[in-house]
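Student: Structure incoming, see below.
The values are calculated or read from the model by the stated rules, or taken from the named source; none is laboratory data. Here the structure is a predicted model, which means the values were calculated and not measured. Please note: Cβ atoms are built from the backbone with ideal geometry, for glycine as well, and neighbour counts cover all protein chains shown. Surface areas here come from the heavy atoms of the whole protein model, side chains and all, with no ligands, DNA or RNA. Shrake-Rupley method; radii C 1.70, N 1.55, O 1.52, S 1.80 Å.
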Amino acid sequence: MPLHPAAQEFLERPAIARMAPLGSASVDVTRATLKALTDNTPPGEPVAWVEDRLITGPHGDIPIRLYAPTRDEVLPVYVHFHGGGWVIDNFETEDSDCRILANQAHCLVVSVNYRHAPEHRFPCPLDDAFAATQWVASHTDELTADAHRIAVGGQSAGANLAAAVALRARDANLPLCAQILSVPVLNYAFDTDSYRSCADGYVLTRRAMEWFWSLYLANQAEGALPEVSPLRAPCLRGLPPAFIATSEFDPLRDEGAAYADRLQNAGVCTQYRCYAGMIHPCRGEQALPDVARYLRTIFREAHE
């Protein structure tokens with residue numbers, strides 16, 4: 001189908017139209033440009049409690065932000081990893097999304113500001129993400145949270161980290177009840193139909209993804225590792241249930257669909273949705289409510 005009106009409007013915004021193509025400027029310039037866009041974003045909806053903390057990780061302190069819709073009951077937990085190609089953005093970028101999910105999914109959201117490439121290449125961002133998940137699991141009493149209802153998730157590169165965290169957690173016997181993978185990066189490869197048909201024109205381009213990967217990995221050989229490319233993991237059995245969302249006009253679309261198929265074939269309960277007419281950074285007003293609805297359902301089932 002043609003571009004959704006919301007995606008077309010996003011592409012025509014003056015700030016987006018003026019932005020240099022991702023991968024064409026330096027890391028510092030790209031970060032500053034996107035920070036300016038974030039700084040102009042209206043504040044998110046109110047929640048009952050927000051708190052910033054520093055927790056200890058394998059490479060130093062990790063900033064996290066906690067969001068809760070109430071402090072009067074034990075809540076399930078959603079650990080969130082922001083997008084940005086492992087290079088740009090931070091937990092401020094997705095502050096509004098986290099507030100919406102805390103309220104609509106009625107859960108504690110823990111947003112993780114993991115270390116960024118190229119200053120900290122693989123596996124540092126993943127180590128931070130996993131350490132934060134372990135910290136949540138071991139501090140549920142302090143957080144007034146339910147240790148049996150912990151989900152992980154993220155967008156784009158954050159979804160890559162969430163999928164890798166789910167693999168690590170399974171192998172470490174750390175139980176998770178769900179993984180939320182929104183427009184996920186799942187394979188170090190550029191050979192799918194969606195990479196060919198959506199290579200240019202939709203903000204996230206093939207060139208941008210090649211740039212992000214070059215900054216995240218020390219060498220191309222790392223791209224074959226399952227913790228880098230979860231789609232290449234030899235076994236997906238025993239992973240937590242998954243909600244995977246892709247956008248029609250996104251070079252990453254096909255790897256998200258392929259991962260959903262592999263999970264289902266491995267016996268993992270998986271919901272997959274491709275948002276018609278949408279692009280990578282714009283999935284429409286229904287995307288977050290869909291994630292919140294899935295989390296509410298999975299948390300309820302885990303509680304029964």
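Student: Please state which of the following conditions VAL136 fails to meet, knowing it meets all the rest: (1) over 22 Å from LEU186 (Cα atoms); (2) part of a strand (DSSP E or B).
Tutor: (2)
Student: From the residues in the stretch 66-86 that are part of a loop (DSSP other than H, G, I, E, B), of a type outside the set (Gly, Ala, Ser) and touching a Phe, Trp or Tyr at 6+ places or on another chain (Cβ under 6 Å), which one is surrounded by the most Cβ atoms within 10 Å (Cβ to Cβ)? Full working, then the answer.
Tutor: The first filter runs over the stretch 66-86 and keeps only residues part of a loop (DSSP other than H, G, I, E, B), leaving 69-74, 82-86.
Checking which are of a type outside the set (Gly, Ala, Ser) leaves us with 69-74, 82, 86.
Pick out the ones that are also touching a Phe, Trp or Tyr at 6+ places or on another chain (Cβ under 6 Å) and you get 71, 82, 86.
Values: ARG71: 10, HIS82: 24, TRP86: 29.
Top of the filtered list is TRP86.
Student: Here's a follow-up. When the stretch 76-106 is examined, which residues are found to be under 14 Å from VAL50 (Cβ atoms) and among the hydrophobic types (A, V, I, L, M, F, W, C)? Spell out the reasoning first.
Tutor: Here is the first cut: in the stretch 76-106, the residues under 14 Å from VAL50 (Cβ atoms) are 80, 91-92, 94-103.
Within the stretch 76-106, PHE91, CYS98, ILE100, LEU101, ALA102 meet the criteria.
Student: If the Cβ limit is 9 Å and pairs must be 6+ apart or interchain, which residue in the stretch 43-58 that is at pLDDT 95 or above pairs with which residue that is surrounded by fewer than 11 Cβ atoms within 10 Å (Cβ to Cβ) and in a loop (DSSP other than H, G, I, E, B)?
Tutor: Final answer for the pair search is ALA48/ARG71; ALA48/ASP72; TRP49/ARG71.
Student: Take PRO281 and decide whether it is open to solvent by 40 Å² or more (accessible area, probe 1.4 Å) and at pLDDT below 95.
Tutor: Judged against the criteria, PRO281 is a match.
Student: Please state which of the following conditions SER214 fails to meet, knowing it meets all the rest: (1) touching a Ser or Thr at 6+ places or on another chain (Cβ under 8 Å); (2) open to solvent by 50 Å² or more (accessible area, probe 1.4 Å); (3) not charged (D, E, K, R).
Tutor: Of the numbered conditions (1) touching a Ser or Thr at 6+ places or on another chain (Cβ under 8 Å); (2) open to solvent by 50 Å² or more (accessible area, probe 1.4 Å); (3) not charged (D, E, K, R), the odd one out for SER214 is (1).
Student: Also, quick follow-up: Looking only at residues that are touching a strand residue (DSSP E or B) at 6+ places or on another chain (Cβ under 9 Å) and among the hydroxyl-bearing types (Ser, Thr, Tyr) in the stretch 246-304, which one is farthest from ALA105 (Cα to Cα)?
Tutor: This residue is TYR259.
Student: Next question. For the stretch 217-236, which residues satisfy the criterion of being crowded, with 18+ Cβ neighbours inside 10 Å and either free of Cβ contacts under 8 Å to residues at least 12 places away in the same chain or part of a loop (DSSP other than H, G, I, E, B) (or both)?
Tutor: Residues satisfying the conditions are LEU217, GLU227, VAL228, SER229, ALA233, LEU236.
Student: Looking at GLN264, is it closer than 22 Å to SER247 by Cα, outside any helix (DSSP H, G or I), free of Cβ contacts under 8 Å to residues at least 60 places away in the same chain and open to solvent by 70 Å² or more (accessible area, probe 1.4 Å)?
Tutor: On the way: closer than 22 Å to SER247 by Cα: yes; outside any helix (DSSP H, G or I): no; free of Cβ contacts under 8 Å to residues at least 60 places away in the same chain: yes; open to solvent by 70 Å² or more (accessible area, probe 1.4 Å): yes.
Against the criterion (closer than 22 Å to SER247 by Cα, outside any helix (DSSP H, G or I), free of Cβ contacts under 8 Å to residues at least 60 places away in the same chain and open to solvent by 70 Å² or more (accessible area, probe 1.4 Å)), GLN264 does not qualify.
Student: With (1) at pLDDT 95 or above; (2) within 27 Å of ALA233 (Cα to Cα); (3) buried (at least 17 other Cβ atoms within 10 Å of the Cβ) as the list, and ALA302 as the residue in question, which single condition is left unmet?
Tutor: ALA302 satisfies all of (1) at pLDDT 95 or above; (2) within 27 Å of ALA233 (Cα to Cα); (3) buried (at least 17 other Cβ atoms within 10 Å of the Cβ) except (1).
Student: Further question: Among the residues of the stretch 101-121, write down those that are in contact (Cβ under 8 Å) with a residue 60 or more places away in the chain, outside any helix (DSSP H, G or I) and either surrounded by fewer than 20 Cβ atoms within 10 Å (Cβ to Cβ) or on the phi > 0 side of the Ramachandran plot (or both).
Tutor: Answer for the stretch 101-121, where residues must be in contact (Cβ under 8 Å) with a residue 60 or more places away in the chain, outside any helix (DSSP H, G or I) and either surrounded by fewer than 20 Cβ atoms within 10 Å (Cβ to Cβ) or on the phi > 0 side of the Ramachandran plot (or both): HIS106, PRO118, HIS120, ARG121.
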